[in-house]
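Right, one structure below, let's go through it.
Since every read-out is calculated from the coordinates, none of them should be taken as a lab result. What you see is a predicted model, and the numbers here were worked out from it, not measured in a lab. Glycine also receives a Cβ, built like all others from the backbone with ideal geometry; neighbour counts cover every protein chain displayed.
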Amino acid sequence: MELSGKVAIVTGAGGGGSGRAIARRLARDGALVVLSDIEERGGRETLRVIEAERGRAAFFPADVGIETEVRALISFADVTYGGVDIMVNNAGPYWPELLDQWFETVQANLLGTMYGTLHAIKPMRRRGGGAIVNIGSTSALGHGRKHSNSPAYDVAKAAVIRLTTTLGWLREREGIRVNCLVPDWVATREVQSYVDALTPQQRKEGNVPDVLLTTDQIADAVVQLATDESLAGRVMVWWCGQPRRLIPVGDPGYAALE
């Protein structure tokens, strides 16, 4: 898929993290970008940055955990630019160790991704196909390994990964490819500040990698998943310090049974 002239939606694009980097990259490559965020000030700053770089974009505020707002977002893209070709379900809050926010976490990370996927299908169908990119997390991988401090976040991201692999058939039936990027630690402002404040011993105990992935690297991977016509229902895992790689088709999800 060539990005020039394509209409792309990026959720969670209002902060200084991966969403903004993804939106900027898509706009630089010629896409018409509809960026969204629950926080309007950040979203409008992303819009300003893209326009300063001579890209074409529009902003629509939305809480991805609310289905009516996701439907309105997709309708806005359809009306503003005449359709939807790419949907990047990037939005997803992380609240560590807050048991009373389990449901809000799942609502935004899992149901938000489901809403974005479901409601993007109709306008993509009218365009003859499209690409959906979901975002997982390596904290959701493995069984019994050290996970994040948010069980709800990891559960939601694990479900996003499985959602992706169960939708591979959409390519044959609808011409819509659904793929998922599963990154390790990403050097957003918040994460980098947290890592910088750790002692060497704390980094070791927390399995914090020496070098984090950059938001521009995340944007590169998202573009690959959105444009590579050979990929559908695939999961791309990117551990820090390693190349990004795809989980093999038919992988059982465990190394062995005992």
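Annotations
- At R0 = 30 Å, FRET efficiency that the Cβ-Cβ distance of Val249 and Asn207 yields, to 0.05: 0.60
- Amide H contacts under 5 Å for Arg177: Gly130, Ala131, Ile132, restricted to partners 5 or more places along the chain or on a different chain, H placed in the peptide plane at 1.01 Å from N.
- Highest to lowest packing among 174-180, 195-201, 64-70, scored as the average C-beta count within 10 Å: 174-180, 64-70, 195-201
- If you count Lys pairs in the chain whose Cα atoms are under 30 Å apart, skipping same-chain pairs closer than 8 places in sequence, the total is 6.
- Gap separating the Cα centres of the stretch 29-43 and the stretch 200-258, nearest whole Å: 25
- Mean residue ellipticity, 222 nm, helices only, the chain: the sum of -39500 (n - 2.57) across DSSP H runs of n ≥ 4, divided by residue count and rounded to 500, is -12500 deg cm²/dmol.
- Once the Cα atoms are used to define both axes, helix 215-227 deviates from the longest principal axis of the chain by about 50 degrees.
- Charged-residue dipole, Cβ positions (Lys, Arg, Asp, Glu), the chain about Cα centre, Debye nearest 20: 620
- Couplings 3J(HN,Hα) for the stretch 193-199, derived from phi with the Karplus relation 6.51 cos²θ - 1.76 cosθ + 1.60 (θ = phi - 60°), are 5, 5, 5, 5, 7, 7, 7 Hz, where x marks Gly and Pro.
- Neighbour-count order for Arg244, Arg28, fewest beta carbons within 10 angstrom listed first: Arg28, Arg244
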